[in-house]
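Heads up: the structure comes next, in structure tokens.
The values are calculated or read from the model by the stated rules, or taken from the named source; none is laboratory data. Given the structure is predicted, the values throughout are model-derived calculations rather than measurements. Cβ placement follows ideal geometry from the backbone for every residue including glycine, while neighbour counts extend to all protein chains displayed. Ligands, DNA and RNA are stripped out before the accessible areas are found, and what is left, the full protein with its side chains, is counted by its heavy atoms. Shrake-Rupley method; radii C 1.70, N 1.55, O 1.52, S 1.80 Å.
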Amino acid sequence: LFGQSDTLTFKVNGLVCSFCAHGLTKGIGGLPFIDKKSIYVDIKTQIVKVALNENYKVIPHLKQTIELIRETGYEVDKVFLNGVELE
């Protein structure tokens, strides 16, 4: 599931129900650089984890992913790339 490609993990405030998680999963899955089979949303910990498709690099697409999460109505508290927190 989360093997060779870069993985982004977001700590998202306000993600509290399964309906919210489903909507966010669908929105993130619509981004062309996200591996649709590698999206994990946990409402208990308010974590969203995604893997990028093989030929994409994180930095150009990080801002677009954060903007989509915010547009969906959630605040991104922290971002991790392959387990390392980004500033």
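Taking the stretch 34-60 as the region of interest, how many residues are open to solvent by 50 Å² or more (accessible area, probe 1.4 Å) and in contact with a helix residue (DSSP H, G or I) (Cβ under 6 Å, 6 or more places away or on another chain)?
Looking only at that region, the number is 2.
Look at the stretch 66-85 and say how many of its residues are touching a helix residue (DSSP H, G or I) at 6+ places or on another chain (Cβ under 9 Å) and more than 11 Å from residue 12 (Cβ to Cβ). Spell out the reasoning first.
As a first pass, look at the stretch 66-85 and keep what is touching a helix residue (DSSP H, G or I) at 6+ places or on another chain (Cβ under 9 Å): 68-69, 71-76, 79, 81-82.
The next check asks that each one be more than 11 Å from residue 12 (Cβ to Cβ); those that pass are 68, 71, 81-82.
Matching residues across the stretch 66-85 total 4.
Kindly list the number of the only condition in (1) more than 11 Å from the chain's Cα centre (by Cα); (2) of a type in the set (Ser, Thr, Tyr); (3) open to solvent by less than 60 Å² (accessible area, probe 1.4 Å) that fails for residue 9.
Residue 9 satisfies all of (1) more than 11 Å from the chain's Cα centre (by Cα); (2) of a type in the set (Ser, Thr, Tyr); (3) open to solvent by less than 60 Å² (accessible area, probe 1.4 Å) except (1).
Check whether at least one residue in the stretch 19-33 is surrounded by fewer than 12 Cβ atoms within 10 Å (Cβ to Cβ), assigned to a helix (DSSP H, G or I) and either of a type outside the set (S, T, N, Q) or more than 13 Å from the chain's Cα centre (by Cα) (or both), and report yes or no. If you could, list the steps in order and put the result at the bottom.
Taking the stretch 19-33 as the starting set, the residues that turn out to be surrounded by fewer than 12 Cβ atoms within 10 Å (Cβ to Cβ) are 19, 22, 30, 32.
Still in the running and assigned to a helix (DSSP H, G or I): 19, 22.
Next cut, either of a type outside the set (S, T, N, Q) or more than 13 Å from the chain's Cα centre (by Cα) (or both) only: 19, 22.
Yes; the residues of the stretch 19-33 include at least one that is surrounded by fewer than 12 Cβ atoms within 10 Å (Cβ to Cβ), assigned to a helix (DSSP H, G or I) and either of a type outside the set (S, T, N, Q) or more than 13 Å from the chain's Cα centre (by Cα) (or both).
May I ask you to list pairs of residues, at least six apart or on different chains, whose Cβ atoms are under 9 Å apart, with the first in the stretch 43-55 being touching a residue at least 12 places away in the same chain (Cβ under 8 Å) and under 18 Å from residue 76 (Cβ atoms) and the second being open to solvent by 70 Å² or more (accessible area, probe 1.4 Å) and not in a strand (DSSP E or B)?
From the stretch 43-55, the pairs are 43/16; 43/18; 46/16; 51/1; 51/4.
Looking at (1) without any contact (Cβ under 8 Å) to a residue 12 or more places away in the chain; (2) assigned to a helix (DSSP H, G or I); (3) touching a strand residue (DSSP E or B) at 6+ places or on another chain (Cβ under 8 Å), which is the only condition residue 63 fails?
Just one mismatch for residue 63, condition (3).
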